[in-house]
Amino acid sequence: MKKILITGGAGYIGSHTAVELWSAGMEPVIIDDLSNTQEKVIDRLEEITGKRFSFYKGDCNSRELLDQIAADHQIEGVIHFAAFKAVGESTQKPLKYYRNNVGSLLVLLDWMKDHRILDLVFSSSCTVYGQPEVLPVTEATPRQEAESPYGNTKKICEDILVDFVKSKAGVRVISLRYFNPVGAHPSAKIGELPLGVPQNLVPFITQTAAGIREKLTVFGNDYDTPDGSCVRDYIHVMDLADAHVKALSFLGKQELDFYEVFNVGSGRGNTVLEVIHAFEKVSGQKLNYVIGPRRPGDVVKTWADTTKINQVLGWYPQYSLEDSMRDSWNWQKSLG
Ligand SMILES: NC(=O)c1ccc[n+]([C@@H]2O[C@H](COP(=O)([O-])OP(=O)(O)OC[C@H]3O[C@@H](n4cnc5c(N)ncnc54)[C@H](O)[C@@H]3O)[C@@H](O)[C@H]2O)c1
């Protein structure tokens, strides 16, 4: 069985990807320093898959630990999720973000080269597009100046990957530009575990419905969108996980020194109010929300053109927005 190292594999997207890799006949080996998750996720993965995955609790900036993993396992590919992702915090502590997000990629690439590990899938983000002038966003849409150090780390990492592949380092790399991941595993055993106040809409919705937050504020309802609230492309985390499996399989068939970028989204834009109403419909809960002023710096609307990933990787999303809301709500309820 092909062994794939998943950095940040106990996190939100990484844990779901571990499940999907296992279903596709690949064995995940997980490294996570638990800076934004909990070790019990590894138990939950065992409950879902029936397999205890190898887990290394530690920092993927540690070359020593990576060498230990290479000594213990014949790793054939890497999915690099590990990163800090709080946009607001990144403006306060930029070096923390550059050190972890950019630094870990550098360590990992050196390590892959030295151990002749060929394939890498990298977690990028639609944040690299900023507010695009033309919608939907294709991979050819120009990237814009990053609005935060976090966003900049994604752009810098993409650039590093391009240069590394150009240097004929003997690797094959795909950057996946995620739109807005939502939902949870349908078993409700794993999902997003936001620490503190959630930064994303859907955990805020489910926490408000669960009574953890008093109310949700919708930032602006007077934008040029169907109902005036901001538009995003929400993608179920299981579909996103599947995109990683397809990306790895595809990489395995390419020549060395290969690099490609793919958008991963539903291909649809949904307004904040549509998401709230979809949640209310599937949960039977009336959500306590208010309309507030616009939030400075918010992208007004963005959604993905997914033609490239559909045609090249044969990937299509299987889950609807309602599925995402149902699974997010079941996950929230399972947290008690
Ligand atoms: N969730 C989103 O909205 C979103 C959107 C676009 C891109 N991304 C990117 O996808 C990736 C995964 O995001 P997520 O939502 O699953 O976040 P997450 O915080 O749930 O997962 C990241 C995991 O990495 C771990 N980690 C962080 N630094 C580490 C290090 N140096 N060594 C070992 N482990 C480390 C954390 O403990 C966490 O479990 C990140 O790179 C993120 O920037 C996320």
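If amide hydrogens are placed 1.01 Å from N in the peptide plane, which non-local residues have theirs closer than 5 Å to the one on SER54?
Amide H neighbours of SER54, under 5 Å, 5+ apart: ILE30.
Going Cα to Cα from LYS215, which lysines come in below 27 Å? Please leave out same-chain ones fewer than 8 positions away.
Within the straight-line cut-off, LYS215 pairs with LYS85, LYS189, LYS281, LYS286, LYS301, LYS333.
Rg and Dmax in Å for the chain, alpha carbons only: what are they?
19.2, 57
Answer rounded, prolate or oblate for the range 218-336, using the Cα gyration tensor with square roots of eigenvalues a ≥ b ≥ c: rounded when a/c is under 1.5, else prolate when a/b is larger than b/c, else oblate. Spell out each step's value before the answer.
Details: a/c = 2.85, a/b = 1.63, b/c = 1.75.
Verdict is oblate for the range 218-336.
Can you compute 3J(HN,Hα) from phi for each residue in the range 151-158, using the Karplus curve 6.51 cos²θ - 1.76 cosθ + 1.60 with θ = phi - 60°, rounded to whole Hz and x for Gly and Pro?
x, 5, 4, 5, 5, 5, 4, 4
ALA82's amide H: which non-local residues (gap 5+, or another chain) put their own amide H closer than 5 Å, with H modeled 1.01 Å from N in plane and none for Pro or chain starts?
Under 5 Å from the amide H of ALA82 lie the amide H atoms of THR7, GLY8, each far enough along the sequence or on another chain.
With a 10 Å Cβ neighbour count serving as the proxy for reagent exposure, in which order, fewest first, do LEU5, LEU248, LEU335 appear?
LEU335, LEU248, LEU5
Quick one: if the Förster radius is 25 Å, what FRET efficiency do ILE291 and GLU322 give, using the C-beta to C-beta distance and rounding to 0.05?
In this case the efficiency is close to 0.60.
Points 7 angstrom from Cα along the Cβ direction at GLN254 and ASP298: gap in nanometres?
Simple spin-label model gives 3.6 nm for this pair.
Could you tell me which of rounded, prolate or oblate describes the range 26-118, using a ≥ b ≥ c as the square roots of the eigenvalues of the alpha-carbon gyration tensor, with rounded for a/c under 1.5 and, failing that, prolate when a/b is larger than b/c and oblate otherwise?
It is oblate, given that a/c is not under 1.5 and a/b is not larger than b/c.
5 Å is the cut-off here: which amide hydrogens, built 1.01 Å from N in the peptide plane, fall below it relative to TRP303, excluding neighbours closer than 5 in sequence?
The answer is VAL137.
Read-outs throughout are calculated quantities, based only on the coordinates presented, and are distinct from any laboratory measurement. From a predicted model like this one, the values you see are computed outputs, not experimental measurements. Cβ coordinates were reconstructed from backbone atoms using ideal geometry, including for glycine residues, and neighbour counts include every protein chain displayed.
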